[in-house]
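Just so you know, all these numbers are worked out from the coordinates, no wet-lab data involved. Bear in mind that the values here come from a model prediction, so they are computed numbers and not experimental data. Cβ coordinates were reconstructed from backbone atoms using ideal geometry, including for glycine residues, and neighbour counts include every protein chain displayed.
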Amino acid sequence: MKNFHLNHYERAFGNWLIDNKVQYIAVDEQKRAALGRSNIKSFDYLLYPPGDSIIVAEVKGRKFKGTSLEKLTGLECWVSTDDIEGLSKWQEIFGPTHQATFIFAYHIVKPDFDPDGREIYEYKGRKYVFFCVKLDHYIKHIKQRSPKWKTVTIPAEKFRNNAVQMQNLF
C-alpha cells in the first residue's frame with residue numbers, strides 16, 4: 001500500500017482495512033485533477049465490501065478524552081461544509097452504486113479506557129475506534145456548529161442512532 005495520507009488517523013484506518021482484509025483504493029489528493037474534478041474536495045478511500053455498494057469514505061480524525069464508550073457520549077462528529085459539499089458531489093457523480101460515508105476515527109487518549117465491548121484498534125502505540133455515518137443520514141440531522149469556521153455537526157443522540165462501528169459493515 002502506498003500511503004498518500006499524512007495524518008495518523010488516516011494511516012491507522014488504512015492499516016485497519018489491511019488487517020481486516022477489506023479491499024480499497026486510497027485516493028491521492030494530488031492526482032484528483034486526473035479525474036477531471038479538481039474543483040471538488042477529494043475523499044480518502046473507496047471501499048469495496050463484498051456484495052454491497054462501494055463506499056466513498058471521508059476520514060475525520062478526532063481525539064476521544066472520555067473513559068468509556070458505554071453511551072457513545074463525548075464523541076465529536078463535526079465536519080466542514082466543504083466535506084459535505086464534496087461528498088455530496090462525489091455521491092452524485094458515482095451514482096447509486098456508491099454510498100458516501102464519513103468515517104470518524106477516534107484516537108483514545110486515556111490509558112484507563114473502557115471500550116464497552118467495542119473493537120479497539122492499536123496502531124503505532126495508539127488506540128483507535130472507528131465509526132461511520134452515511135452522508136444521507138448525517139445531512140438529515142445537520143446543525144451549524146461554527147459559521148466562522150464553516151463547520152456543521154449532528155446532535156449526539158442522532159450520532160448514536162446512526163453511527164455504526166466499522167467491523168459491523170463487513
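Here are a few things to note about the model shown:
- For the pair Ile139 and Ser53, label points projected 7 Å from Cα toward Cβ lie 1.1 nm apart.
- Sorted fewest first by neighbouring Cβ atoms within 10 angstrom, Ile18, Ile154, Ile108 come out as Ile18, Ile108, Ile154.
- By the count of neighbouring beta-carbon atoms within 10 Å, fewest first, Phe13, Phe64, Phe102 end up ordered Phe64, Phe102, Phe13.
- What the Cβ-Cβ distance of Thr67 and Ser88 gives, at R0 = 41 Å and to the nearest 0.05, is a FRET efficiency of 0.70.
- Taking every DSSP beta bridge that has both ends in the chain, the antiparallel portion is near 70%.
- Largest mean-square fluctuation among Lys65, Lys148, Lys140, in a Gaussian network model of the chain whose springs join Cα atoms under 10 Å apart, belongs to Lys148.
- With the charge dipole of the chain set up from +1 on Lys and Arg Cβ and -1 on Asp and Glu Cβ about the Cα centre, the Cα lying farthest toward the positive end among the listed residues Val129, Ser42, Ala100 is that of Ser42.
- Calculated from the alpha-carbon coordinates, segment 38-84 shows an Rg and a Dmax of 14.5, 41 Å respectively.
- Residues Thr97, Thr81, arranged from fewest to most other Cβ atoms within 10 angstrom of their Cβ, appear as Thr97, Thr81.
- Listed pairs Lys41/Lys71; Lys65/Lys150; Lys65/Lys89; Lys124/Lys148 exceeding 31 Å between Cα atoms: Lys41/Lys71; Lys65/Lys89; Lys124/Lys148
- Cα-centre dipole for the chain with unit charges at Cβ (Lys and Arg positive, Asp and Glu negative), debye to 20: 460
- Note on the chain: helix-only mean residue ellipticity at 222 nm, from DSSP H runs of 4+ residues weighted -39500 (n - 2.57) and normalised by residue number, equals -6500 deg cm²/dmol.
- Length-normalised contact order for the chain - Cα pairs under 8 Å, 6+ apart - percent: 21
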